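Visitor: Pasting a structure below so you can have a look.
The values are calculated or read from the model by the stated rules, or taken from the named source; none is laboratory data. Just so we're clear, the structure is a prediction, and the values are computed from it rather than from any experiment. Cβ placement follows ideal geometry from the backbone for every residue including glycine, while neighbour counts extend to all protein chains displayed.
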Amino acid sequence: MSQTEHIGDGSIQKLSEAVAAFAPKKVFLATGKGSYAASGAQARVEKATAQCEVLHYTDFGALTLQEDIDKGVAAYAAFNPDLVLVVGGGHVMDAAKAIKRPERKKRGRIKTVD
């Protein structure tokens, strides 16, 4: 799974095009609990992913605990998405990166020092 970031003002306007470029069947969507709908992003994401099976994951808070990450890793692995879509601020992005990290490590994309 290659990685592309669209961050900042105007990035949501690129969403449909970006999702279409990946042609995913399954999307792991990580968002904040309230900000996702309040920001107006929800309608655009639903439109961009209308042809996809979506797992909307919000089971973490502003102070993400290891148990939250562990639950996310299990959900991610069971769902096996083609695309990870993250909508939100820093804690949402950090949680999503932590959730996806074991998969990246398994594929040799992350090296660790023991």
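Visitor: Show the residue pairs meeting these rules: Cβ distance below 7 Å; 6+ apart or different chains; first residue within segment 79-98 and assigned to a loop (DSSP other than H, G, I, E, B) and surrounded by fewer than 15 Cβ atoms within 10 Å (Cβ to Cβ); second residue modelled with pLDDT of 90 or more and among the β-branched types (Val, Ile, Thr).
Guide: none
Visitor: On to the next question. Would you confirm whether or not segment 14-31 contains a residue that is assigned to a helix (DSSP H, G or I), modelled with pLDDT under 85 and touching a Gly at 6+ places or on another chain (Cβ under 8 Å)?
Guide: No; the residues of segment 14-31 include none that is assigned to a helix (DSSP H, G or I), modelled with pLDDT under 85 and touching a Gly at 6+ places or on another chain (Cβ under 8 Å).
Visitor: State which residue is nearest to residue 68 (Cα to Cα) when the search covers only segment 6-54 and only residues that are basic (Lys, Arg) and touching a residue at least 24 places away in the same chain (Cβ under 8 Å).
Guide: 33
Visitor: Could you list, in sequence order, the residues of segment 26-50 that are more than 21 Å from residue 94 (Cα to Cα) and loosely packed, with under 12 Cβ neighbours inside 10 Å?
Guide: Correct list: 40, 43, 47, 50.
Visitor: Just name the residue that is nearest to residue 10 (Cα to Cα) out of those in segment 36-78 that are part of a helix (DSSP H, G or I) and β-branched (Val, Ile, Thr).
Guide: Filtering first and then ranking leaves 45.
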